[in-house]
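Take a look at the structure set out below.
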Amino acid sequence: LIKNFTIAISLEPNKADFHHNRGFAYRKKKNFQQAIIDYSKAIELDPSHFKAYYNRAFCFDKLGLYQESENDYLMALKLQPKNINALHHLGSLMEKLGGDKLPKALEYFNQVINLDPTYAPSYNGRGLVWDKMSKYEEAFKDFTKAMQIDPTNPVFIHNRACCLRNMGRYYSMGI
């Protein structure tokens, strides 16, 4: 697969999509540094290549380069301001960073939920933020909403259980 993309690039080196697609192949192989090189080339060739920014942000995050990740998610959102995946992943990044980034995480998750009230991962993400802020009732509501939308997701069930534990509620709540 990568070999084929490399041949295509050698034949037409100025096609941003060719570099992006090879970068995505590297990303799937967890070769994030090589993927970043290809995504960067795609962006150099086409500065409005949303997917290259979005996927490079993902790779930066995996490498612990959080500021670079945030910058790329923000650039992707300049290109597609209502992209639910970019908003959600930026919220997740802010949640992971914690501290003074938590209010921004809430903003991003709220934007996603406003755009798509059935997007369970953002209820879960917002629940994680509320939990970190010790706002357990809000967290419980969001984890419950995520579970109502996707009742077989074990992460949502686990997170709600941890929230109940944090609330000191050790009795069974059912699902």
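Pairs linking a residue in the stretch 25-47 that is aliphatic (A, V, I, L, M) to a residue that is at pLDDT below 95 and open to solvent by 80 Å² or more (accessible area, probe 1.4 Å), with Cβ atoms under 7 Å and 6 or more positions apart or on different chains, are Ala25/Leu1. Among residues that are at pLDDT 95 or above, surrounded by fewer than 19 Cβ atoms within 10 Å (Cβ to Cβ), part of a helix (DSSP H, G or I) and within 12 Å of the chain's Cα centre (by Cα), Asn85 is included. Scoring Thr118 on the criteria (1) touching a His at 6+ places or on another chain (Cβ under 9 Å); (2) open to solvent by 20 Å² or more (accessible area, probe 1.4 Å); (3) polar (S, T, N, Q) leaves a single failure, condition (1). For Leu97, indicate whether it is within 29 Å of Glu138 (Cβ to Cβ), at pLDDT 95 or above and in contact with a Phe, Trp or Tyr (Cβ under 8 Å, 6 or more places away or on another chain). So Leu97 passes the test. If the condition is being among the acidic types (Asp, Glu), out of contact with any Lys or Arg (no Cβ under 7 Å at 6 or more places or on another chain) and open to solvent by less than 30 Å² (accessible area, probe 1.4 Å), then the stretch 130-152 contributes no residue at all.
The values are calculated or read from the model by the stated rules, or taken from the named source; none is laboratory data. Because the structure is predicted, anything quoted here is derived from the model rather than measured. Using ideal geometry, Cβ is built from the backbone for each residue, glycine included, and neighbour counts are taken over all protein chains shown. What goes into the accessible areas is simple: the full protein's heavy atoms, side chains included, and nothing from ligands, DNA or RNA. Shrake-Rupley method; radii C 1.70, N 1.55, O 1.52, S 1.80 Å.
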